[in-house]
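Here the structure comes first, spelled out in structure tokens, and everything after it is commentary.
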Amino acid sequence: MVSEHRRLIAATVAFVAVLLQTVVMPDVRVAGVIPDIVLLTVVAAAIQLGPEGGMFYGFGAGLTMDFFLSTPLGLTALSYTVVAYVVSAGSTGLLRNEWWVYPALGGLGSMLGTSLFVAAGVLVGQDQFLQARSFTVVAMSGAFGVPLSVLIVPAIAKLLPGHESRELMA
């Protein structure tokens, strides 16, 4: 069971991430692609909080991001929720003291989240996603996820302590 204090911290982390994503990150572009730090906080929260907590965090953060995007409401929430579950389930049992685990999860989680967003967008009629550029965006999202997860995952671990079985190496 998640305490009220942890819920408040998680909501604050998501709010700050969304604020940074919408105010600061549009000015940080590489090959025309903006790093999705909110998605990386979802990956980190999923690692730390487990499937249920990660999915709640992913849905809330995604729904908040949806209010800033011109895509259908709920598209980001759906993508982030699925990513949270997959990353959490996939990270169970990993040797977390290996140096490559978090960058790998950050990169793969970012690519998965962006791919799901694009695929779901196409399914609901977002024809602008049917461009070769979408492959570049997915690849760059993974490239951003690797180094940024080195910073974001430990920060989330400090802010959102998980169950002892899911604790990150500090």
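Carbon and sulfur together cover what percent of the accessible area of the chain at a 1.4 Å probe radius?
On the chain, the fraction of accessible area on carbon and sulfur atoms equals 72 percent.
Take the alpha carbon gyration tensor of the range 1-126, find the square roots of its eigenvalues, order them as a ≥ b ≥ c, and report rounded if a/c is under 1.5; if not, report prolate when a/b exceeds b/c, else oblate.
rounded
Over the chain, with the other protein chains present, what is the accessible area per residue in square angstrom, probe 1.4 angstrom?
Value for the chain: 52 Å² per residue.
By how many nm would the segment from Lys158 to Leu123 lengthen if fully extended, with 0.36 nm per residue of separation less the alpha-carbon distance?
Extra length available between Lys158 and Leu123 comes to 8.8 nm.
Of all the stretches in the chain, which is the longest one without any exposed loop site, taking GluC sites (Glu not before Pro) in a DSSP loop (any state but H, G, I, E, B) with at most 12 other Cβ atoms within 10 Å?
Formally, the longest exposed-site-free interval is 1-97.
Between Asp27 and Arg7, take the C-beta separation as r, use R0 = 35 Å, and let me know the FRET efficiency to the nearest 0.05.
Calculated value: 0.65.
Using only Cα atoms, tell me the angle between helix 4-23 and the longest principal axis of the chain; keep it within 0 to 90° and round to the nearest 10.
30 degrees
Place a point 7 Å from Cα of Ala139 in the direction of its Cβ. Which residues in the range 18-42 have their backbone N less than 15 Å from it?
Output list for this probe position: 30-33.
For the range 1-47, restrict the atom set to alpha-carbon positions and state the Rg and Dmax in Å.
12.8, 42
The values are calculated or read from the model by the stated rules, or taken from the named source; none is laboratory data. As the structure is a prediction and not an experimental result, all values here were calculated from the model. A quick note on method: Cβ atoms are made from the backbone with ideal geometry, for glycine too, and the neighbour counts reach across all protein chains shown. Keep in mind that these areas ignore ligands, DNA and RNA; they rest on the heavy atoms of the full protein, side chains included. Shrake-Rupley method; radii C 1.70, N 1.55, O 1.52, S 1.80 Å.
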